[in-house]
Amino acid sequence: MGECPAVGNPLYLDHASTAPPLPEALEAFAKASVSAFGNPGSAHQAGAEAARVLERSRKELKTAFGAEDFKVVWTSSGTESNHLAIQGLAKKAPKGVRRILFGAAEHPSSRMAALALADQGFTVEELPVDGAGILQPETLEAALGEDVALVTLHWVNNELGTLNPIAQLAALTRHLAPRAFFHTDAVQAVGKRPETLDSLGVDSAAVAAHKIGGVRGCAALLLASRSAEPEPMFLGGGQEGGLRSGTENVMGAAAFAAAATVRRTHLGQDPRVYLGRRRMLVDQLRAAAPDMVVLGSEEEAEIVGSILTVAFPGTLAANLLHHMEAEGVQVGSGSACNTDSPKISPVLVAAGVPEDLAFAALRFSLGGMETDEDLARAASALEKARASLAV
């Protein structure tokens, strides 16, 4: 394989953690910082201009995500959006409807928000996933009933990149638990999947700017028009229709909308842009490491193209990650490891990944704009990193 470029020009392949801001997002942020610096709740001209930019960003975000039937509630993070939906909607359930269902492979922000409801008199139940980390419809169907208040399931698993069949799961919930709310964490899906949020049939969806090239500190909860409004977490100035008090991040919203628009345009031009890059990366990595094991699924109908998690038997991911960075390629680890207390990710445990593979897992997550040369560079860095560890 070819030589790696200088480490001073790193190749960043950890977009599922956070994505570098897109130029269009930075431009929108800078423009709003100058023209819309006012408080959108103020009655003067500066406030009115900020309010106009905020509302325009709201409309652009809905269009980009295909969410015309949703209301945008600005928040600070995907974690906040998940909490507002899960805890806020559960509290609006009818009397006697007290069961909460969540998947075993959920992001901690959803898992912990659901588990916390047990202290408020709800019965919280974890549903098992299959070996790819997917919650199968028959598993949900067996758990549904008239007493279910809320179901929360992610659309894309942030570690394995596998897809829950959200539209089918939401339809099942609507049929068998008609009083339940259905929330999805769509943070890793929007801007990377061609389906619209309108097509899913969910009551609410969490999205976050920094996963698609916006800036950190801005996110949203999208609420379907048919859904009840959640009980707010914050009280104060009554912003966002009273659902999320606190002065809105106008600049962040403008950048989020700009990034979402760019992503939708790219998907419109090539709906397979992520899947194609992922397939090429798998081929390049396998050529460099024939013993590589793909975790999750390799079926295109079950994966988002932006995330690829693979394991290299006999190698600790923490060591491999650092050696790859020394070769100029930055990736993520499939387990939260530290030198004092290695810990396997709960997602990998839920999917039944053997311990030796869990500790050997790396997550490559793409921005969708990588070149063929970039992917070859990643494979070359892997090959060199494994050779260094073998010495």
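The values are calculated or read from the model by the stated rules, or taken from the named source; none is laboratory data. What you are looking at is a predicted structure, and each value in this text was computed from that prediction instead of being measured. Cβ coordinates were reconstructed from backbone atoms using ideal geometry, including for glycine residues, and neighbour counts include every protein chain displayed.
Could you grab me the full set of residues in region 77-98 that are among the polar types (S, T, N, Q) and touching a strand residue (DSSP E or B) at 6+ places or on another chain (Cβ under 6 Å)? Walk me through it before giving the result.
From region 77-98, those among the polar types (S, T, N, Q) are 77, 79, 81-82, 87; that's our starting set.
S77, S81, N82, listed by residue number.
Yes or no: L11 surrounded by 19 or more Cβ atoms within 10 Å (Cβ to Cβ), within 24 Å of the chain's Cα centre (by Cα) and not assigned by TED's automatic domain parsing to the domain that holds C218?
The answer is yes for L11.
Going through V97, V129 one at a time, which residue ends up being under 20 Å from the mean Cα position of the chain (by Cα), in a loop (DSSP other than H, G, I, E, B) and over 16 Å from Q188 (Cα atoms)?
The match here is V129.
Between a residue in region 110-134 that is exposed (fewer than 14 other Cβ atoms within 10 Å of the Cβ) and any residue that is β-branched (V, I, T), which pairs come within a Cβ distance under 6 Å, given they are 6 or more apart or on different chains?
A118/V124
Pairs needed: first member in region 273-286, within 16 Å of V329 (Cβ to Cβ); second member anywhere, assigned to a helix (DSSP H, G or I) and of a type in the set (S, T, Y); C-beta distance under 9 Å; at least 6 residues apart or different chains.
Q284/S380
Based on what the data block shows, is G314 under 30 Å from P194 (Cβ atoms) and in a loop (DSSP other than H, G, I, E, B)? Working first, answer last.
Numbers: under 30 Å from P194 (Cβ atoms): no; in a loop (DSSP other than H, G, I, E, B): yes.
Criteria not met by G314.
With the structure loaded, tell me whether G241 is closer than 27 Å to A220 by Cα, part of a helix (DSSP H, G or I), modelled with pLDDT under 95 and more than 20 Å from the chain's Cα centre (by Cα) or whether it fails that test.
So G241 passes the test.
Given (1) without any contact (Cβ under 8 Å) to a residue 40 or more places away in the chain; (2) of a type in the set (D, E); (3) surrounded by fewer than 15 Cβ atoms within 10 Å (Cβ to Cβ), identify the lone condition not met by E68.
(1)
Scan region 74-114 for residues that are farther than 22 Å from F234 by Cα and either modelled with pLDDT under 95 or of a type outside the set (V, I, T) (or both) and report the count. Before the answer, list the steps.
Going residue by residue through region 74-114, those that are farther than 22 Å from F234 by Cα are 94-107.
Filter again for either modelled with pLDDT under 95 or of a type outside the set (V, I, T) (or both), leaving 94-96, 98-99, 101-107.
Going through region 74-114 one residue at a time, the tally reaches 12.
Would you pick out the residues in region 178-194 that are over 27 Å from P271 (Cβ atoms) and surrounded by fewer than 24 Cβ atoms within 10 Å (Cβ to Cβ)?
As a first pass, look at region 178-194 and keep what is over 27 Å from P271 (Cβ atoms): 178-181.
Residues satisfying the conditions are P178, R179.
Go over the candidates L267, L275, L348 one by one and state the one that is touching an Asp or Glu at 6+ places or on another chain (Cβ under 8 Å), assigned to a helix (DSSP H, G or I) and under 22 Å from I212 (Cα atoms).
L275
Quick one: how many residues across region 35-49 are surrounded by 20 or more Cβ atoms within 10 Å (Cβ to Cβ) and either free of Cβ contacts under 8 Å to residues at least 12 places away in the same chain or within 14 Å of E240 (Cα to Cα) (or both)?
1
Just checking, which of T261, T315 is within 25 Å of the chain's Cα centre (by Cα) and hydroxyl-bearing (S, T, Y)? Spell out the reasoning first.
Numbers: T315 fails: within 25 Å of the chain's Cα centre (by Cα).
Testing whether each residue is within 25 Å of the chain's Cα centre (by Cα) and hydroxyl-bearing (S, T, Y) leaves just T261.
Which one is modelled with the lowest pLDDT among residues in region 351-382 that are in a helix (DSSP H, G or I) and small (G, A, S)?
Step by step, filter region 351-382, then rank; the result is A358.
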